[in-house]
Amino acid sequence: MKPRLVEYLFHSRPPPPPQLSINPPPIKIKQQPMIYESTDYKPLLVNLLCIIFMVLGGAFLYYRKMRKEIEKQEHIQKIKTLYKQLNLK
């Protein structure tokens, strides 16, 4: 005997309906206001002023040194001219 084909065995069941996932509403995070700390510029200003004064002081000392050398050369030149004038007389 041949087996009988039973049609209902060959029918597949309809797929189950898709499950709808209901996402819970997002949790609201209470944002705190940002508090900015005030910047203290006093140390920065003090450092800048110190640097400026060091540069100016160095420039003054260099100018004084150069001026001394120039005056020294002028003084030597004056002595030489006086010496020549005295020897000529």
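The values are calculated or read from the model by the stated rules, or taken from the named source; none is laboratory data. Keep in mind the model is a prediction, meaning the values are calculated, not measured. All Cβ positions, even for glycine, are placed from backbone atoms using ideal geometry, and neighbour counts span all protein chains on display.
Taking the criterion of being surrounded by 10 or more Cβ atoms within 10 Å (Cβ to Cβ) and either of a type in the set (S, T, N, Q) or not in a helix (DSSP H, G or I) (or both), the only residue of region 32-72 that qualifies is N47. Please indicate, with yes or no, whether at least one residue in region 51-58 is aliphatic (A, V, I, L, M) and at pLDDT below 95. Within region 51-58, not a single residue is aliphatic (A, V, I, L, M) and at pLDDT below 95.
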